[in-house]
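A.B. asks: Handing you this structure, nothing more for now.
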Amino acid sequence: MASARTDPIPITQPEPETARQASGDQPAVRAAGLVKSYGPTVALAGLDLHVATGETVALLGPNGAGKTTTIGLLLGLLSPGRGHVQVYGWPPAQAVAGGLVGAMLQDAGLMPGVRVGELLTMVRGLYPRPLPLDELVGIADLGSLTGRRADRLSGGQAQRVRFASDVRLLSELT
C-alpha cells in the first residue's frame, strides 16, 4: 500500500514571482538521496535528480523502476523514506499549492457534458495570470474543438485539452 501524505499543506505559499526568480542558480527540481519503499519492496534507492529551470526531462525505465513513485514525490503526493526534494526551492506540496507546478496525468478524466471552451475558461479562472484563452487554444491546437463536448473527444484530443489545462502556468514560468 502506498503511503500518501496525510499532513496538511502549510499555509505559507510561494509568491507568484518565485518561479521567475528561480531561474537563476536555483534548479526547478533538486532531489538528493530519495529512498521510498512499499513494505519490503524498494521503489527508489537513493535517487539524485537535478532539473534546471526550463529543462525537459523524461523518466524512462521498465515497469517497477520507480517512475510513478518519483512523480508522486515531486508533486508532494508521497513522502520519501529518506532524502529530500525541493521544487523551485520549496517542499513539493507547497510548490504545487502555490501554483508553481502543474501535472498532466495520463489517465485523468474530463468533465462529461462540458464543452472544451467552457472547460478551459473555467480552469483559467482558477489562476491569477493565465494565458489568454485564444493563445491557450492555439498552443494546444484546439481551435476546431472548443465547441465540442469534452466527453466526445478522441484520446489524443482529450490529452491536448489536459495539456492546455496546464499550459496556463507557462506564462508564470517564462
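The values are calculated or read from the model by the stated rules, or taken from the named source; none is laboratory data. Quantities reported herein were computed from a predicted structural model and do not represent experimental measurements. Positions of Cβ are generated from backbone atoms using ideal geometry, with glycine treated the same way; all protein chains shown enter the neighbour counts.
A.B. asks: Go through segment 82-96 and give me each residue that's loosely packed, with under 15 Cβ neighbours inside 10 Å and over 23 Å from Gly54 (Cβ atoms).
C.D. replies: Arg82
A.B. asks: Based on this model, can you work out whether Pro112 counts as assigned to a loop (DSSP other than H, G, I, E, B), touching a residue at least 40 places away in the same chain (Cβ under 8 Å) and more than 16 Å from the chain's Cα centre (by Cα)?
C.D. replies: no
A.B. asks: May I ask you to list pairs of residues, at least six apart or on different chains, whose Cβ atoms are under 8 Å apart, with the first in segment 38-67 being in contact (Cβ under 8 Å) with a residue 12 or more places away in the chain and closer than 19 Å to Ala28 by Cβ and the second being of a type in the set (S, T, N, Q) and part of a loop (DSSP other than H, G, I, E, B)?
C.D. replies: Thr53/Ser23; Thr53/Gln26; Gly54/Ser23
A.B. asks: Within segment 12-61, can you find the residues that are at pLDDT below 80 and part of a loop (DSSP other than H, G, I, E, B)?
C.D. replies: Thr12, Gln13, Pro14, Glu15, Pro16, Glu17, Ala22, Ser23, Gly24, Asp25
A.B. asks: Filter segment 115-138 down to residues that are loosely packed, with under 15 Cβ neighbours inside 10 Å and closer than 27 Å to Ile71 by Cβ and give me whichever is nearest to the chain's Cα centre (by Cα).
C.D. replies: Within segment 115-138, the match that is nearest to the chain's Cα centre (by Cα) is Leu126.
A.B. asks: For Gly99, work out the one condition from (1) surrounded by 17 or more Cβ atoms within 10 Å (Cβ to Cβ); (2) not in a loop (DSSP other than H, G, I, E, B) it doesn't fulfil.
C.D. replies: So Gly99 meets the others, but not (2).
A.B. asks: (1) touching a residue at least 60 places away in the same chain (Cβ under 8 Å); (2) outside the structural domain of Gly33 (by TED's automatic domain parsing); (3) not β-branched (Val, Ile, Thr): which one isn't true of Leu136, the others all being true?
C.D. replies: Condition (1) is where Leu136 drops out.
A.B. asks: In the set Gly109, Gly66, which member is small (Gly, Ala, Ser), modelled with pLDDT under 90 and surrounded by fewer than 13 Cβ atoms within 10 Å (Cβ to Cβ)?
C.D. replies: Selected residue: Gly109, the only one of Gly109, Gly66 that is small (Gly, Ala, Ser), modelled with pLDDT under 90 and surrounded by fewer than 13 Cβ atoms within 10 Å (Cβ to Cβ).
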